[in-house]
């Protein structure tokens, strides 16, 4: 590992899309999480069809947030504002073309967007797209 600040950043050369959303009004977090998991079963085959490397879901729950803040303690907990979202999906594709093909697939609109509208506030959906930099993997420093 070098401290050379002029060295190029070893990005992964992949396309990572992160999508976040809040639950639909009137839906409990538990019901959102159940529906979100089922959504993954619908999305999986379309991800695979377009050469997806991975599809991960992050279910945000009050239980995890409370336990995390408890472990931080009263001095640090106030400094960690928990995001007002209920679910995050992280998709990894080898190319921009593959990622775009996933989102442009007619099944995406017909099945996935329609399904999301059943359990998520579609006005809250946000996307981010970029590369990834692995700093620690399998408990080992990579930089």
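From most to least packed by mean Cβ count within 10 Å, the peptides 74-83, 118-127, 61-70, 93-102 give 93-102, 118-127, 61-70, 74-83.
Relative contact order for the stretch 15-141: 49 percent, from Cα pairs under 8 Å spaced at least 6 residues apart, divided by residue count. Using the Cβ-Cβ distance between residue 100 and residue 79 with R0 set to 25 Å, the FRET efficiency works out to roughly 0.05. Helical runs (DSSP H, four residues minimum) scored at -39500 (n - 2.57) apiece and divided by the length of the chain put the mean residue ellipticity at 222 nm at -10000 deg cm²/dmol. Note on residue 38 and residue 51: the extension gain reaches 2.6 nm, defined as 0.36 nm multiplied by sequence separation minus the Cα-Cα distance.
Would the chain count as rounded, prolate or oblate if I go by the C-alpha gyration tensor, calling it rounded below 1.5 in a/c and otherwise prolate when a/b exceeds b/c, oblate otherwise? Intermediate values should be presented prior to the final figure.
Working: a/c = 2.39, a/b = 1.08, b/c = 2.21.
It is oblate, given that a/c is not under 1.5 and a/b is not larger than b/c.
Comparing 72, 91, 27 in a Gaussian network model of the chain where C-alpha atoms under 10 Å apart are linked, the largest mean-square fluctuation is found at 72.
Judged by the ratio a/c of the largest to the smallest principal axis of the C-alpha gyration tensor, the stretch 1-76 counts as oblate, that ratio being 1.5 or greater while a/b is no larger than b/c.
Where a number appears in this text, it was derived from the coordinates with a stated rule and is not lab data. Since we're looking at a predicted model, the values are computed, not measured. With ideal geometry, Cβ positions are generated from the backbone for all residues, glycine too; neighbour counts draw on all protein chains shown.
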